[in-house]
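Chemist: Before we start, here is the structure in question, set down as structure tokens.
The values are calculated or read from the model by the stated rules, or taken from the named source; none is laboratory data. Just so it is clear, the structure is predicted and the values come from calculations on it, not from any experiment. Positions of Cβ are backbone-derived with ideal geometry, glycine not excepted, and every protein chain shown enters the neighbour counts. SASA here: full protein model, heavy atoms, side chains in, ligands and nucleic acids out. Shrake-Rupley method; radii C 1.70, N 1.55, O 1.52, S 1.80 Å.
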4 protein chains.
Amino acid sequence: MESLKKFKDKLHDIIFETNTPAGKLFDILLIVTILGNSILIILESVDVIKNSYGIVLNLFGWIFLVIFSIEYILRIFVVKNKLAYVFSFFGLIDLFAVLPVYFGILFPQLRFLVIIRVFRLLRLFSIFKMGRYIEESSHLIRALKSSKPKILVFLFTILFIIIIVGSMMYIIEGPENGFTNIPESMYWAIVTISTVGYGDISPQTSVGKLLSSLLMITAYGIIAVPTGIISHELAITSKNDEIAKTCPDCQTRPHSKDDVYCSKCGCLLDS
Amino acid sequence: MESLKKFKDKLHDIIFETNTPAGKLFDILLIVTILGNSILIILESVDVIKNSYGIVLNLFGWIFLVIFSIEYILRIFVVKNKLAYVFSFFGLIDLFAVLPVYFGILFPQLRFLVIIRVFRLLRLFSIFKMGRYIEESSHLIRALKSSKPKILVFLFTILFIIIIVGSMMYIIEGPENGFTNIPESMYWAIVTISTVGYGDISPQTSVGKLLSSLLMITAYGIIAVPTGIISHELAITSKNDEIAKTCPDCQTRPHSKDDVYCSKCGCLLDS
Amino acid sequence: MESLKKFKDKLHDIIFETNTPAGKLFDILLIVTILGNSILIILESVDVIKNSYGIVLNLFGWIFLVIFSIEYILRIFVVKNKLAYVFSFFGLIDLFAVLPVYFGILFPQLRFLVIIRVFRLLRLFSIFKMGRYIEESSHLIRALKSSKPKILVFLFTILFIIIIVGSMMYIIEGPENGFTNIPESMYWAIVTISTVGYGDISPQTSVGKLLSSLLMITAYGIIAVPTGIISHELAITSKNDEIAKTCPDCQTRPHSKDDVYCSKCGCLLDS
Amino acid sequence: MESLKKFKDKLHDIIFETNTPAGKLFDILLIVTILGNSILIILESVDVIKNSYGIVLNLFGWIFLVIFSIEYILRIFVVKNKLAYVFSFFGLIDLFAVLPVYFGILFPQLRFLVIIRVFRLLRLFSIFKMGRYIEESSHLIRALKSSKPKILVFLFTILFIIIIVGSMMYIIEGPENGFTNIPESMYWAIVTISTVGYGDISPQTSVGKLLSSLLMITAYGIIAVPTGIISHELAITSKNDEIAKTCPDCQTRPHSKDDVYCSKCGCLLDS
């Protein structure tokens, strides 16, 4: 019983930790199998490749299924709070990497669901979390987080414009010009304001073209807003990084390297 | 008479103020009905949904009509300067939330005007004005305001390019290639310079393609200008927020509003 | 002879200067006629309008022709160096505002050239130069000027990518998929890299789609460069504006408000 | 033997160095021939031009072939480590400027490969490396380099979104709506997220349009990230350029490279 616990602990370290050689090896193997699995799913969807190399693809499909199934069982086996893991985000991701295949065997008409396995790519985020990449992007993520309220206001405004312009275009152009209903009109407004412009729906009347022109020129100014926000936030976060000292007394606020006295309580700062 | 005035005052507080529990409840109910009304209008425009759930949609339509009518009458009832309200921006918005329906009953062939009711969404702005969201965006709005002259110059330049290039393309391509007249050519220029690019009109001749290429590469540089302006203005507005106090003793360095002691010499700052 | 010279001088002031009431009035009249003329040309190109209001448009056309002809003759009459004016940029612009019409009367088959008159809009730049708008944009123009070498490097790189990718796509896709020759391929590359994306030409083969995808993702990064440059230059120009003091001794370099001694020659700066 | 070595050294200086008059002349001639060659290749691909001026184009083709062949042989002749040159990047570029023509003579059906010669344009980079342009862009390149990790994280996230959204759209829309397989779906996702939007493939179902709308709005925020990164990095690199000296006396404030005296206390700065 003791040895089982020890074995379980060791397995837990290998699977969930990354600072032991075995843990690192496990992570690398996991990355390779997940990427291999994703490439397999992408290739399987191409008819020409499937017809020529169907057997090879099938073989790899079974191999990945076995590996992921064993991995899933092991993960459940080693975690303490099993239920918490199973219903956690990554627990579900791990489950959906194998479930659709078994499901597809039972109900062959639902075979197309096997594509869901590609979401296992998201597992990479939990692996890289401990790597150095996340550190590089932490700066970016912090900038994005602190500009969240501004971006929400921005998105709210965009949604507003989309509903108003969408409704107006539905009245102006109408179903005979491709604006069959307001949701369709709103889809067109999004395609236009994001400057994608497929051209599957486009204004035909003069008034519609005028309103579209106004929307496009507005889009010009609007696209500038999130860029401005993010580049500004990046500048601020990086500035705060430079500010290194904290007051030994009140500890609340960071001070810049040049500061000698705390600006809150007036006591001396250490170098 | 006294009690009526009191009742009127209380009603005014509920409808126009937001800091009492009743006022907050009223605002929340208003937001819910306005959003519900907008969703209703959007859904009504979809044939499939209208055919299946026509009765439910109609029912909700009548409910919202009754609520908005009562609300409109109450608003007129409680405000002092009734005429000023009726012809104010939000007064008209409130009116157009109910008028098109009554209008549609009298003239069934103008029923499509009921979509105008969706503009009631703009009412949300008057509600959120007192909320915290507007505070988050005040920074943004100030940046946009102070960059107004620059943006006007920018828009003027854009308009210029559009007229000049539009006229040139009309000569080069002509009606046989879809550039039927100068306004149409200008519409094409806007679609191109905003990088939307529907493809409903596109140059066919070599010279036209060359000119378009120049316009597109110019667009590249042009799209950079408003972004640069806004991110720059954001930096300035935020900087001005920080700089508020100066040390009465050493006077060298600006301090933020939150600072109590000078970070250079440790002496007290004035409020 | 004296009085003629005086009259000439006064006329010169009215036409070319802007700080007298008469000069201002002349400028405003010029702006109105130029804008009116432009709107006329735009409207004339629309068949529906031309057929209905042809007589009115024609009338205004003659009025503008007479006004611009007189203005042109007066300008030649009052300037000292007549040849320099005639062959200057604005001299040619003024000429082309009337010439195409006379030309069109002589050679009716070249009537479409009358659209050239729209370029007279460029005259507005010479009028606004003395107005306040140019001041607002001077900041912007200075930022653009000082980032010229960076933007040139950027344009050179873009041109490079366009030629290389254009040539590759011509080999990969070939004339059968719309890439009829390298210039056409380059046009497609510009349409793609500027994210306009008309869709008149689009890759059909797998290799072509892969290369296009790479180009589009590159375009992502590339569009960021001019924006970054301009917003950075704007920050610098505005910073230099803040720096107000100049050394009374060497006068070469601007100093910031906080500086006490000149950083070049070490002498004291005035406040 | 001595004189041959001397001649070789001199030739090496002319071909590889740029600071002698002969070396400069050689560079200019090389730039002219490379640009001429590129224009020739572009013109050759246009049928109309080829049919009319085929003989002239052919003549120039042979001239450039002879020049580039001689140049290539001379380069091999003068460099010490011949093998290193031949297999270096620019060695291969120089080779591919002539090889495809000889290849095309031997195998006429592979004649279309002569377009590869256009890659010789890349040689210009090795010439401009010593020019002043690279200096102007060094700032830009440094900013791009230092933001490399952030851009990699960004590209990784984009790739992620493309695979996930591509797979989802393949399930939702399916081959009947143009999403024939996952790579095709991913191509569509790239066309959409980069806001190019050809419109050759576009969503047809309601769910597909909803997912596309989300992708487009996300693209909005995403396009802001690289811009923000680059403009921020530009600000940092330029700031680091300024900060070079510190006053030996008061040590408080960084001085630019051009400063001779401290702007705070007036004492001399070290070089």
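Chemist: With respect to D:E71, determine if the residue is within 25 Å of D:T20 (Cα to Cα), modelled with pLDDT under 80 and of a type in the set (D, E, K, R).
Modeler: No.
Chemist: To continue, here is another question. Which pairs have Cβ atoms under 9 Å, sit 6 or more apart or on different chains, and link a residue in segment D:24-38 that is within 14 Å of chain C (Cβ to nearest Cβ) to one that is surrounded by 13 or more Cβ atoms within 10 Å (Cβ to Cβ) and not in a helix (DSSP H, G or I)?
Modeler: Final answer for the pair search is D:I34/D:A97; D:N37/D:A97.
Chemist: List every residue pair whose Cβ atoms lie under 6 Å apart, where the two residues are 6 or more positions apart in sequence or sit on different chains, the first residue falls within segment C:1-16 and is more than 20 Å from C:S126 (Cβ to Cβ), and the second residue, located anywhere, is in a helix (DSSP H, G or I) and modelled with pLDDT of 80 or more.
Modeler: Close Cβ pairs (under 6 Å, with a partner that is in a helix (DSSP H, G or I) and modelled with pLDDT of 80 or more) amount to C:K8/C:V78.
Chemist: Would segment B:69-76 turn up any residue that is out of contact with any Asp or Glu (no Cβ under 9 Å at 6 or more places or on another chain) and of a type in the set (D, E)?
Modeler: Checking segment B:69-76: not a single residue is out of contact with any Asp or Glu (no Cβ under 9 Å at 6 or more places or on another chain) and of a type in the set (D, E).
Chemist: Somewhere in segment D:43-54, is a residue of a type in the set (A, V, I, L, M, F, W, C) and under 20 Å from D:D27 (Cβ atoms)?
Modeler: No, the conditions are met nowhere in segment D:43-54.
Chemist: B:T18 versus (1) away from chain A (no Cβ under 14 Å); (2) in a helix (DSSP H, G or I): which is the lone unmet condition?
Modeler: (2)
Chemist: Can you pull out the residues in segment D:213-222 that are closer than 16 Å to D:L159 by Cα and more than 7 Å from chain A (Cβ to nearest Cβ)?
Modeler: Hits for segment D:213-222 are D:L215, D:T218, D:I222.
Chemist: Across segment B:183-203, what is the number of residues that are more than 8 Å from chain A (Cβ to nearest Cβ), more than 18 Å from B:I158 (Cβ to Cβ) and in contact with a Gly (Cβ under 6 Å, 6 or more places away or on another chain)?
Modeler: 1
Chemist: Further question: Contact list please: Cβ distance under 6 Å, first residue in segment B:164-183 and free of Cβ contacts under 8 Å to residues at least 12 places away in the same chain, second residue open to solvent by 20 Å² or more (accessible area, probe 1.4 Å), pairs at least six apart or on different chains.
Modeler: B:N181/C:V46
Chemist: Can you tell me how many residues within segment B:214-231 are buried (at least 24 other Cβ atoms within 10 Å of the Cβ) and touching a residue at least 60 places away in the same chain (Cβ under 8 Å)?
Modeler: Selection size over segment B:214-231: 4.
Chemist: Let me ask you something else. Just to be sure before I move on: is C:R117 in contact with a Pro (Cβ under 7 Å, 6 or more places away or on another chain) and of a type in the set (K, R) in the structure I sent?
Modeler: When the stated conditions are applied, C:R117 passes them.
Chemist: Let me ask something else. Would you check which residues across segment A:149-194 are closer than 30 Å to D:I151 by Cα and in contact with an Asp or Glu (Cβ under 9 Å, 6 or more places away or on another chain) and list them?
Modeler: A:P149, A:K150, A:L152, A:V153, A:V191
Chemist: Here is a check on your reading of the model: is A:L40 in the same structural domain as A:G104 (by TED's automatic domain parsing) and touching a Lys or Arg at 6+ places or on another chain (Cβ under 8 Å)?
Modeler: Here the answer is no, as A:L40 does not meet what is asked.
Chemist: Test A:I28 against the criterion of being under 26 Å from D:I163 (Cα atoms), surrounded by 15 or more Cβ atoms within 10 Å (Cβ to Cβ) and among the β-branched types (V, I, T), and give yes or no.
Modeler: No: the conditions fail for A:I28.
Chemist: While we're on this one: Testing A:A143 on (1) more than 14 Å from chain B (Cβ to nearest Cβ); (2) at pLDDT below 75, one condition comes back false. Which one is that?
Modeler: (1)
Chemist: Look through segment C:43-101, keep the residues that are in a loop (DSSP other than H, G, I, E, B) and touching a residue at least 60 places away in the same chain (Cβ under 8 Å), and return whichever of them is surrounded by the most Cβ atoms within 10 Å (Cβ to Cβ).
Modeler: C:A97
Chemist: Taking D:L211 as meeting all but one of (1) of a type in the set (A, V, I, L, M); (2) crowded, with 24+ Cβ neighbours inside 10 Å; (3) touching a residue at least 40 places away in the same chain (Cβ under 8 Å), write down the number of the exception.
Modeler: D:L211 satisfies all of (1) of a type in the set (A, V, I, L, M); (2) crowded, with 24+ Cβ neighbours inside 10 Å; (3) touching a residue at least 40 places away in the same chain (Cβ under 8 Å) except (2).
Chemist: Please give the number of the condition C:T205 fails out of (1) buried (at least 20 other Cβ atoms within 10 Å of the Cβ); (2) of a type outside the set (A, V, I, L, M); (3) touching a residue at least 12 places away in the same chain (Cβ under 8 Å).
Modeler: Going through (1) buried (at least 20 other Cβ atoms within 10 Å of the Cβ); (2) of a type outside the set (A, V, I, L, M); (3) touching a residue at least 12 places away in the same chain (Cβ under 8 Å) one by one, C:T205 breaks only (1).
Chemist: If you scan segment A:164-183, which residues turn out to be under 19 Å from D:L214 (Cα atoms) and surrounded by fewer than 20 Cβ atoms within 10 Å (Cβ to Cβ)?
Modeler: If the condition is that a residue be under 19 Å from D:L214 (Cα atoms) and surrounded by fewer than 20 Cβ atoms within 10 Å (Cβ to Cβ), then A:I164, A:P183 are the ones that fit.
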